[in-house]
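The next block holds one structure in the form of structure tokens; read it before the comments.
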Amino acid sequence: MLINQRLVLSVAIVLGTACAARAAAQHPIHRQTESIVQHQLSTSASGNDGFAPAPGQSPRTTAVYFDPSPATFKAFTYCASVLLGPSASERVLQGEFRFPVFSATPNVLVQIISSTGAAAMQVYALRIAEIPGISGSVETQIVVEAKTIFDVPAGGIYYANLVVTGVPVIPPTKANSAELLR
């Protein structure tokens, strides 16, 4: 069992690194996404017990999306990254992504990246749903929740990197890849 976990972790690291390298070579497509939960910033006497955005940083999360790349069997691979924001619990952070509708549930790989000295996090929940989009069309919403491994509050900066592989109902083209879900 330990060998299987190491294999899965190795594949996740390789895919995350490949996606990041590909993203660095491409110009990212920026999209604004609305947070699904009202942000509740905790305040405490020490000031570092809860997650608080850096000065000038909005508590709303903005996901960065990269051009999809073709995969096998009419599938496409989408890469995206988002700053995780607070949720109802001080140990749980979350981020939201929006993608086109897929013909079947896509394969999703999540990697949590944290700042130096931040509490260790793990993926706690992954929710995939089809919802009506801003433009009226249906979108695939993916919400990632990460939780601290130890019983400590989340302190630091955390990003969720996503690699999604699936067969979209409407395949992306050069013209509509920039307009994925505006």
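The values are calculated or read from the model by the stated rules, or taken from the named source; none is laboratory data. These numbers were taken from a predicted model, which means no experiment stands behind them. All Cβ positions, glycine included, derive from the backbone under ideal geometry; neighbour counts span all protein chains shown. Please note that ligands, DNA and RNA were not included when accessible areas were found on the heavy atoms of the full protein model with its side chains. Shrake-Rupley method; radii C 1.70, N 1.55, O 1.52, S 1.80 Å.
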Scanning the range 72-108 for residues that are in contact (Cβ under 8 Å) with a residue 60 or more places away in the chain and open to solvent by 40 Å² or more (accessible area, probe 1.4 Å), the one nearest to PRO172 (Cα to Cα) turns out to be LYS74
Being touching a Ser or Thr at 6+ places or on another chain (Cβ under 6 Å) and at pLDDT below 85 narrows ARG91, ARG60 down to just ARG60
Considering the range 107-159, residues that are in a strand (DSSP E or B), aliphatic (A, V, I, L, M) and touching a Ser or Thr at 6+ places or on another chain (Cβ under 7 Å), and then whichever is farthest from GLU96 (Cα to Cα), we arrive at MET121
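Just to be sure I understand, how many residues within the range 134-156 are aliphatic (A, V, I, L, M), touching a Pro at 6+ places or on another chain (Cβ under 9 Å) and surrounded by fewer than 17 Cβ atoms within 10 Å (Cβ to Cβ)? Reasoning before the result, please.
Filtering the range 134-156 down to residues aliphatic (A, V, I, L, M) leaves 134, 138, 142-144, 146, 149, 152, 154.
Then drop every residue that is not touching a Pro at 6+ places or on another chain (Cβ under 9 Å), which leaves 138, 142, 154.
After this cut, where a residue has to be surrounded by fewer than 17 Cβ atoms within 10 Å (Cβ to Cβ) as well, the list is 138.
Within the range 134-156, residues that are aliphatic (A, V, I, L, M), touching a Pro at 6+ places or on another chain (Cβ under 9 Å) and surrounded by fewer than 17 Cβ atoms within 10 Å (Cβ to Cβ) number 1.
For the range 60-70, name all the residues that are more than 19 Å from GLU145 (Cα to Cα) and assigned to a strand (DSSP E or B). Talk me through it step by step, then tell me what you get.
Looking only at the range 60-70, we keep the residues that are more than 19 Å from GLU145 (Cα to Cα), and these are 66-70.
Scanning the range 60-70 gives SER69, PRO70.
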Given (1) in contact with a Gly (Cβ under 8 Å, 6 or more places away or on another chain); (2) under 28 Å from ALA71 (Cα atoms); (3) open to solvent by less than 50 Å² (accessible area, probe 1.4 Å), ALA119 misses just (2)
Those residues of the range 71-88 which are in a strand (DSSP E or B) and at pLDDT 95 or above amount to PHE76, THR77, TYR78, CYS79, ALA80, SER81, VAL82, LEU83
Output for Cβ contacts, cut-off 6 Å, separation at least six or different chains, first residue farther than 20 Å from VAL164 by Cα in the range 129-147, second among the hydrophobic types (A, V, I, L, M, F, W, C) and assigned to a strand (DSSP E or B), reads LYS147/VAL92
- Message: Take GLN111 and tell me if it is within 11 Å of the chain's Cα centre (by Cα) and among the polar types (S, T, N, Q).
- Response: yes
